[in-house]
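The values are calculated or read from the model by the stated rules, or taken from the named source; none is laboratory data. All values reported here derive from a predicted model rather than from experimental measurement. Positions of Cβ are generated from backbone atoms using ideal geometry, with glycine treated the same way; all protein chains shown enter the neighbour counts.
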Amino acid sequence: PTPGRHPQAVEAPDAHVADSASLAPGVVIGPRCRVGEEVVLHPGVVLYEDVWVGQGCELHGNVVVHSHSRLGRNCVVQANAVIGGEGFGFVPAGGGWRKMPQTGHVVLEEEVEVGCCSTVDRPAVGETRLGAGTKIDNLVQIGHGVVTGQGCAFAAQVGIAGGAVVGRGVILAGQVGVTNRVRIGDGVVASSKAGVHANVGPGEVVSGFPVIPNRLWLRASALFARLPELSRSLKRLQRQVERSRQP
């Protein structure tokens, strides 16, 4: 896109937007935002107050970036993703639920990519941080206070609950679920639909729900289809043993 501001783009008076940035129709930039060189904001992008968008970032249509979020250089956020929305923070109160203020912020380090309709939530305190070079597919949920290392890859419909810590180069295949506050070591691979309910050590390859080592899961899966046959064989053996014990 050609650098410049479309007449239908709206900027707060105290926002700072680089001259080489490209602002499409319907872009809204809030107070005290900083938009770096060669940034491209497609139609409908909304930056709340105090957002920083680093050089070379590209935010596609209808992306929303909430207050105090920080995007490093060359990040790409696909259409309809939300960065820095409120974390899911409620506590029981009087038979109902009380919302806990979510005053933290989100940091995307350089060259992070976030897919369509994915969400990266801010925490009550502190930050949610995605390490440099991390790639997130469509429809991924990153909970409040999650921290990842560099170079991770999360496929579609991955969900990571609040406070989880994910190491470098971790690969989570489609629909993997990670419970809150667990720690996943560097280089871990979790296969599709795995449920990570406890800490996983560096370099492990895990599968299943809850997760077990992948090789064990493969053997167990092969046996699963044979369970009816094995059950019949066991019953036959039991009958034979019972007959052998008769006088």
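Output yes when any residue across the range 90-107 is polar (S, T, N, Q), under 21 Å from GLN141 (Cβ atoms) and assigned by TED's automatic domain parsing to the domain that holds CYS152, and no when none is. Checked against the condition, which is being polar (S, T, N, Q), under 21 Å from GLN141 (Cβ atoms) and assigned by TED's automatic domain parsing to the domain that holds CYS152, the range 90-107 yields at least one hit. Among the residues making up the range 168-191, those that are in a loop (DSSP other than H, G, I, E, B), over 16 Å from VAL146 (Cα atoms) and not hydroxyl-bearing (Ser, Thr, Tyr) are ALA173, GLY174, GLN175, GLY187, VAL188. Annotation: LYS235 fulfils all but one of (1) in contact with a Pro (Cβ under 7 Å, 6 or more places away or on another chain); (2) outside the structural domain of VAL146 (by TED's automatic domain parsing); the unmet one is (1). For the range 100-116, indicate whether the set of residues that are surrounded by fewer than 18 Cβ atoms within 10 Å (Cβ to Cβ), of a type in the set (Val, Ile, Thr) and free of Cβ contacts under 8 Å to residues at least 24 places away in the same chain is non-empty. The answer is yes; a qualifying residue exists. Scanning the range 174-193 for residues that are charged (D, E, K, R) and over 19 Å from GLY163 (Cα atoms) gives a single hit, LYS193.
Residues that are of a type outside the set (A, V, I, L, M) and touching a Ser or Thr at 6+ places or on another chain (Cβ under 8 Å) within the range 114-142 comprise ASP121, ARG122, ARG129, GLY131, THR134, ASP137, ASN138, GLN141, listed in sequence order.
This table checks each residue for (1) crowded, with 19+ Cβ neighbours inside 10 Å; (2) under 14 Å from SER69 (Cβ atoms); (3) in contact with a Pro (Cβ under 9 Å, 6 or more places away or on another chain).
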{"residue": "PRO1", "(1), (2), (3)": "no, no, no"}
{"residue": "GLN8", "(1), (2), (3)": "no, no, yes"}
{"residue": "GLU11", "(1), (2), (3)": "no, no, no"}
{"residue": "ALA21", "(1), (2), (3)": "yes, no, yes"}
{"residue": "VAL27", "(1), (2), (3)": "yes, no, yes"}
{"residue": "HIS42", "(1), (2), (3)": "yes, no, yes"}
{"residue": "VAL45", "(1), (2), (3)": "yes, yes, no"}
{"residue": "GLU49", "(1), (2), (3)": "no, yes, yes"}
{"residue": "TRP52", "(1), (2), (3)": "yes, yes, no"}
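Every residue, every condition in (1) β-branched (Val, Ile, Thr); (2) in contact with a Leu (Cβ under 7 Å, 6 or more places away or on another chain); (3) modelled with pLDDT under 95, yes or no:
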residue: ALA9; (1), (2), (3): no, yes, no
residue: ALA24; (1), (2), (3): no, yes, no
residue: VAL27; (1), (2), (3): yes, yes, no
residue: VAL39; (1), (2), (3): yes, no, no
residue: GLY44; (1), (2), (3): no, no, no
residue: TYR48; (1), (2), (3): no, no, no
residue: HIS68; (1), (2), (3): no, no, no
residue: ARG73; (1), (2), (3): no, no, no
residue: VAL82; (1), (2), (3): yes, no, no
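Within the range 55-77, residues that are among the hydroxyl-bearing types (Ser, Thr, Tyr) sit with their Cβ atoms under 6 Å from residues that are surrounded by fewer than 21 Cβ atoms within 10 Å (Cβ to Cβ) and assigned to a loop (DSSP other than H, G, I, E, B), at 6+ positions apart or across chains, in these pairs: SER67/TYR48; SER67/GLU49; SER67/ASP50. Within the range 222-239, being in a helix (DSSP H, G or I) and among the basic types (Lys, Arg) holds for ARG232, LYS235, ARG236, ARG239.
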